[in-house]
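Below you'll find the structure, written out as structure tokens, and then a few comments.
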Amino acid sequence: MEIAYVRLMLLIFDLDGTIMDTWEEILITFQKVFSKRNLPLDVNALRMAVGLPLEQVIESLVGYEAPDIVRDIRDTFLSLNPRRIKIFEGMEDVLNIPAKKAILTSKGDLGTYRDLRELGIEHMFDVVVTADTVVNKKPDPEGINIILQRLNEEPSRTFMIGDTEMDILAGKRAGVKTIAVTWGNRDLEHLYNYAPDYVVTSPRELKELLESYAQRWP
């Protein structure tokens with residue numbers, strides 16, 4: 001049953017690994033670029049780096065700052081055709097909760113809006129904050145604070161929902177509730193190390209948790 005006052009919640013979502021599954025595209029992009037440059041690619045290290053700003057992902061993999069590789073990765077990613085992204089099963093039900101909703105992603109404007117439009121979900125969000133919006137990216141709380149200000153919301157009624165430690169740390173530093181999801185790029189044990197307020201293992205569990213708050217809050 002839909003709850004009228006659920007709009008009093010603000011849900012801030014990470015994008016990749018939380019709302020949508022982009023791992024196949026990420027992997028294909030890095031394989032193409034690293035193969036072209038004769039660089040070894042540690043797939044496990046890549047997976048653990050997803051969620052960081054792209055510049056930091058590249059540096060973690062090659063051991064040095066490499067703006068040329070960053071540009072190559074961005075260009076290759078944006079040229080992928082056909083697309084291989086999808087919404088995680090059950091997340092559409094979460095996005096249909098009639099709360100205020102926002103995106104906070106380490107991806108830039110071009111990639112973010114391209115993906116949201118590809119999946120037909122851009123209209124579901126009141127605010128979208130990307131790496132191009134902020135000076136300080138996650139885990140800095142700047143992006144969350146921008147969203148709170150734009151939507152005139154309080155941290156006490158706000159959730160940061162994401163699949164990496166970057167999301168949890170940003171949420172904690174902004175004073176909002178944090179929900180870690182396990183269907184993305186980090187496993188349960190890793191996420192527990194960062195002490196999120198909640199850990200959920202399925203979109204259905206996430207929806208039930210959020211609806212339970214909606215029923216309690218005046």
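Looking only at the range 34-71, count every residue that is touching a Phe, Trp or Tyr at 6+ places or on another chain (Cβ under 8 Å), aliphatic (A, V, I, L, M) and under 18 Å from L15 (Cβ atoms) and tell me the total.
Qualifying residue count for the region: 2.
Just for the range 44-88: of the residues that are hydroxyl-bearing (S, T, Y) and surrounded by fewer than 12 Cβ atoms within 10 Å (Cβ to Cβ), which one is modelled with the highest pLDDT?
The selected residue is Y64.
Would you confirm whether or not the range 193-208 contains a residue that is touching a Lys or Arg at 6+ places or on another chain (Cβ under 7 Å), under 26 Å from Q56 (Cα atoms) and either assigned to a strand (DSSP E or B) or not polar (S, T, N, Q) (or both)?
No, the range 193-208 contains no residue that is touching a Lys or Arg at 6+ places or on another chain (Cβ under 7 Å), under 26 Å from Q56 (Cα atoms) and either assigned to a strand (DSSP E or B) or not polar (S, T, N, Q) (or both).
Looking only at the range 169-208, filter to residues that are surrounded by fewer than 16 Cβ atoms within 10 Å (Cβ to Cβ) and among the aliphatic types (A, V, I, L, M); which one of those is farthest from G90 (Cα to Cα)?
Here the residue is A195.
Does N193 meet the test of being at positive phi and not small (G, A, S)?
When the stated conditions are applied, N193 does not pass them.
Each row is one residue, and each column tells you yes or no for (1) touching a residue at least 40 places away in the same chain (Cβ under 8 Å); (2) over 25 Å from R37 (Cβ atoms).
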| residue | (1), (2) |
| --- | --- |
| R83 | yes, no |
| I87 | yes, yes |
| D109 | no, yes |
| L119 | yes, yes |
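Does the range 18-32 contain any residue that is of a type in the set (D, E, K, R), within 18 Å of T182 (Cα to Cα), modelled with pLDDT of 95 or more and not in a helix (DSSP H, G or I)?
yes
Check the range 42-58 and report whether any residue there is over 23 Å from E165 (Cβ atoms) and in contact (Cβ under 8 Å) with a residue 12 or more places away in the chain.
No: zero hits.
The values are calculated or read from the model by the stated rules, or taken from the named source; none is laboratory data. All of these numbers come straight from a predicted model, not from anything done at the bench. Neighbour counts run over all protein chains shown; Cβ positions are idealised from the backbone, glycine included.
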